[in-house]
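J.: Have a look at this one.
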Amino acid sequence: MNGIIYGVGVGPGDPELMTLKAVRLIRENDIIALPGKEPRETAAYKIALGAVPELAEKTLLAIDMPMTKDKEVQRRAHEEGALLMESYAAEGKNVVYLTLGDSTVYCTFAYLQEILEQDGYKVELVSGIPSFCAAAARLGIHLSLWNEPLHIIPALHKLDESYEMEGNYVLMKSGSKMHEVKEQLKINGREAQMVENCGMENERIYRSLEEIPDDAGYFSLIISKEGQSKE
């Protein structure tokens, strides 16, 4: 019988925020896949290692997930990554793919999952704490209360988005276009807070748009609550 391929969220950055199930699956299985050319340099590996030191002794698979808009390059990388994991699953071994945050929110494992399931392999998703939940907790705020809507937006891909809908906003993937994202928030008269590298050693907290630097890093998450609008 083929092994199971797990897509496991390791949370946003703090090893203590990993789930018991994620820790158990890493401990019980020998084949661990990570998104990147150098597994030990990936954020997911460093997070998991803090909770499961024996991860260092596992067989690590490098699953290259290139940051490119070239669909053909993406397709080839996804197929190669899926085939690599399938080669172990075909031997009856489980494969545990570690991903940042939650395995169902803007997770690149979804592209691999589609291929794996088409090829007849069993895939299971294991949820982790999403980055925006951890960031809200770090800021000491609530994402939504009572009847407040919550909008989760990939800001990098929605630069022309008008933040006029009622409710609160989580803006993900803002790093490389931070200036433009901030300007759009200002146009709509909204204030915001941000956590950069939530739960990691180089974590930074910004309590207003004015504090947020234009050169913020990739792991930057903005939360704009309706009650923070500028008047």
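The values are calculated or read from the model by the stated rules, or taken from the named source; none is laboratory data. Fair warning: this is a prediction, and the values are worked out from it, not measured in the lab. Positions of Cβ are backbone-derived with ideal geometry, glycine not excepted, and every protein chain shown enters the neighbour counts.
J.: What pairs come out if I take residues in region 32-44 that are under 18 Å from Cys198 (Cβ atoms) and pair them with residues that are of a type in the set (Ser, Thr, Tyr) whose C-beta lies under 7 Å away, six or more apart or interchain?
T.: Ala44/Thr99
J.: Would you tally the residues in region 169-185 being over 22 Å from Leu100 (Cα atoms) and within 20 Å of the chain's Cα centre (by Cα)?
T.: Qualifying residue count, region 169-185: 1.
J.: State whether one or more residues within region 65-73 are of a type in the set (S, T, N, Q) and farther than 30 Å from Asn2 by Cβ.
T.: Yes, region 65-73 contains a residue that is of a type in the set (S, T, N, Q) and farther than 30 Å from Asn2 by Cβ.
J.: Give Thr68, Thr59, Thr99 a once-over and let me know the one that is among the hydroxyl-bearing types (Ser, Thr, Tyr) and touching a Pro at 6+ places or on another chain (Cβ under 9 Å).
T.: Of Thr68, Thr59, Thr99, the one residue that is among the hydroxyl-bearing types (Ser, Thr, Tyr) and touching a Pro at 6+ places or on another chain (Cβ under 9 Å) is Thr99.
J.: Which count do you get for residues in region 80-90 that are free of Cβ contacts under 8 Å to residues at least 60 places away in the same chain and within 21 Å of the chain's Cα centre (by Cα)?
T.: 2
J.: With the requirement that a residue be in contact with a Ser or Thr (Cβ under 6 Å, 6 or more places away or on another chain), farther than 18 Å from Gly217 by Cβ and assigned to a loop (DSSP other than H, G, I, E, B), what does region 140-190 give you?
T.: Gly189, Arg190
J.: Anything in region 191-208 that is touching a Lys or Arg at 6+ places or on another chain (Cβ under 8 Å), in a loop (DSSP other than H, G, I, E, B) and over 15 Å from Lys225 (Cα atoms)? List them, or say none.
T.: Asn197, Cys198, Gly199, Glu203
J.: Let me ask something additional. Are there any pairs with C-beta distances below 9 angstrom linking a residue in region 100-126 that is closer than 15 Å to Arg75 by Cβ and among the β-branched types (Val, Ile, Thr) to a residue that is at pLDDT 95 or above and assigned to a helix (DSSP H, G or I), with the two at least 6 apart or on different chains, and if so which?
T.: Once the first residue is closer than 15 Å to Arg75 by Cβ and among the β-branched types (Val, Ile, Thr) and sits in region 100-126, its partners that are at pLDDT 95 or above and assigned to a helix (DSSP H, G or I) give Thr108/His78; Ile115/His78; Ile115/Glu79; Ile115/Gly81; Ile115/Ala82; Ile115/Leu83; Ile115/Glu86.
J.: Any residue that is small (Gly, Ala, Ser) and within 20 Å of Val126 (Cα to Cα) - is there at least one of those in region 11-19?
T.: Yes, region 11-19 contains a residue that is small (Gly, Ala, Ser) and within 20 Å of Val126 (Cα to Cα).
J.: Of the residues that make up region 206-214, is at least one farther than 28 Å from Ala44 by Cβ, touching an Asp or Glu at 6+ places or on another chain (Cβ under 8 Å) and of a type in the set (D, E, K, R)?
T.: No, region 206-214 contains no residue that is farther than 28 Å from Ala44 by Cβ, touching an Asp or Glu at 6+ places or on another chain (Cβ under 8 Å) and of a type in the set (D, E, K, R).
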